[in-house]
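Engineer: Mind having a look at this structure? Questions to follow.
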Amino acid sequence: MNRTYLMTGFPGFLATKLIERLALVPDQIDCFYLLHLKQERTSALAQKEHFLRTTALQPEQLILIEGDITKDGFGISEDVHHELSSRVTHIFHLAALYDLATSFDVAFRINVIGTSHVTHFAHTCRHLERYVYFSTAYVSGLRTGTIFEHDLSHSTTFKNAYEETKYLAEVRLRKEIGTLPYTIIRPGIVVGHSQTGETPKWDGVYFVLNALRLLESFAPLPYAGRANALVNLVPYDYVVQATTYLSHAPAGVRTTYHLTDPFPHGARAIYEMLHVVYYGSYPRGIVPFRLVTSLLTPRIAKRLQMQRQTLDYFVHPARYDTSNALRDLDGTGIICPDLAELIPRLVTYYKTKHSQIGETT
């Protein structure tokens, strides 16, 4: 039988990019059921129309369903629930609250309770071939050293509520999954496309580019401290291609994958590469990292369009093992490109976009 997908987190960025990738073989797809919140109805309809213009998918292959993962049964009717249970072969659960500054209670309701509801639904699917859960590499919390893909030891400290609730969600999923054929995807920090630099989201490393743009008259700028913790930046097309393959490959059943950079660069090196590409010169001098954090007031953070919690990911010393991913992607041509090759494309795209829209801060 053809594949029938249920996607949560639509019309979010990764969900839409996964659909575009899967749509390359439309003859293998029965349909996509696209679960979206009521307030996302307009965006969901617009994204559906975009798919119809840009892919080979037909209207009957894109079915919008208004629902909410925080509600038992998603808050959908019995008839719709029965239809999904009898048809769905693949679940891609991407819906989550990614806000690093969110409160624990709100994140717990969406990330933990919501995931439990999706897992409960998965048990009702009579033809389920794969349940793909999007976790994060950062379920490791404040642990240091090498973090293995099979590892979900009992972390007790986390940088923020997002990390903690994604950890608790993965713990609960493993308790509730039973014998279902699952695949857990743990991406690192997702950045723009590896070839074009294109991105719709300006978080993570992009706050550094915001700082370089706003402080251009003071260039060259100093390094922020001497720490050089490894930072895991991965282009979204690698995450999408790897997920698409691993979610259908037999090797992916009941396997967890770190979709992180196998050869990550240090924070100091990344800052240097961004500085050189942006300004054409190397940084000069060093200021203590604690001075940088003290200067990052809420007003300045807002001007840089960043969350202050982002800084934690540039100083935390952890290495994410990618043995499962490298083994099961071997021979597919799907590889994570070196960040040194990627950064010029990210910067070029960033500069182009900001020259088009003008100063927004």
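The values are calculated or read from the model by the stated rules, or taken from the named source; none is laboratory data. Because the structure is a prediction, the values reported are computed rather than measured. Counting neighbours? That spans all protein chains shown, and the Cβs are built from the backbone with ideal geometry, glycine included. Just so you know, the surface numbers come from the protein's heavy atoms only, side chains and all, with ligands and any DNA or RNA stripped out. Shrake-Rupley method; radii C 1.70, N 1.55, O 1.52, S 1.80 Å.
Engineer: Where the centroid of each part is defined by its Cα atoms, how far is region 234-303 from region 146-173 in Å?
Structural biologist: 20
Engineer: With Cβ to Cβ distances under 12 Å as the rule, what net charge do the other residues near VAL234 carry (K, R +1; D, E -1)?
Structural biologist: With Lys, Arg at +1 and Asp, Glu at -1, the net is -2.
Engineer: Also, I was wondering about something else. Quick one: net charge around THR102, please, counting Lys, Arg +1 and Asp, Glu -1 for every other residue with C-beta under 15 Å from its C-beta.
Structural biologist: Summing Lys/Arg as +1 and Asp/Glu as -1 gives -2.
Engineer: Let me ask another. For the chain, set up a Gaussian network in which alpha carbons nearer than 10 Å are linked by springs, and say which option among ILE189, ILE343, ILE300 fluctuates the most.
Structural biologist: ILE300
Engineer: Calculated from the structure, Rg and Dmax of the Cα atoms in Å equals which of (i) 20.8, 65; (ii) 23.8, 76; (iii) 19.7, 56?
Structural biologist: Here the calculated entry is (i).
Engineer: Follow-up. Using helices alone, what [θ] at 222 nm do you get for the chain, with -39,500 (n - 2.57) per DSSP H run of 4 or more residues, divided over all residues and rounded to the nearest 500?
Structural biologist: Here the helix-only value at 222 nm equals -11000 deg cm²/dmol.
Engineer: Quick one: with all protein chains in place, what share of the accessible area of the chain is carbon or sulfur, to the nearest percent (1.4 Å probe)?
Structural biologist: Result for the chain: 53 percent of the exposed heavy-atom area is carbon or sulfur.
Engineer: Same structure, new question: Considering only the other residues whose Cβ falls under 15 Å of the Cβ of ALA269, what net charge follows from Lys and Arg at +1 and Asp and Glu at -1?
Structural biologist: -1
Engineer: Cross-link list LYS48/LYS175; LYS71/LYS351; LYS17/LYS351; LYS38/LYS351; LYS48/LYS159: which exceed 32 angstrom alpha carbon to alpha carbon?
Structural biologist: LYS48/LYS175; LYS71/LYS351; LYS38/LYS351; LYS48/LYS159
Engineer: Let me ask another. Considering only C-alpha atoms, what is the centroid distance from region 48-127 to region 15-29, in Å?
Structural biologist: Value for the Cα centre distance between the two parts: 17 Å.
Engineer: Once both axes come from the Cα atoms, what is the angle between helix 267-279 and the longest principal axis of the chain, in degrees from 0 to 90, rounded to 10?
Structural biologist: 70
Engineer: Just to confirm the number: angle between the C-alpha axis of helix 78-87 and the first principal axis of the chain, 0 to 90 degrees, nearest 10?
Structural biologist: Between helix and principal axis, roughly 80 degrees.
Engineer: If the chain between THR293 and LYS175 were fully stretched, how many nm would it gain, using 0.36 nm times the residue separation less the Cα-Cα distance?
Structural biologist: 38.6 nm
Engineer: Can you pull out the trypsin sites (Lys or Arg not before Pro) in region 173-275 that DSSP calls coil and that have at most 15 other Cβ atoms within 10 Å?
Structural biologist: Sparse-neighbourhood loop trypsin sites (Lys or Arg not before Pro): LYS201, ARG226, ARG254.
Engineer: Helix 13-22 against the longest principal axis of the chain: what's the angle in degrees, Cα atoms only, rounded to the nearest 10?
Structural biologist: The answer is roughly 60 degrees.
Engineer: Taking only protein heavy atoms into account and a 1.4 Å probe, give the accessible area per residue of the chain in Å².
Structural biologist: 45
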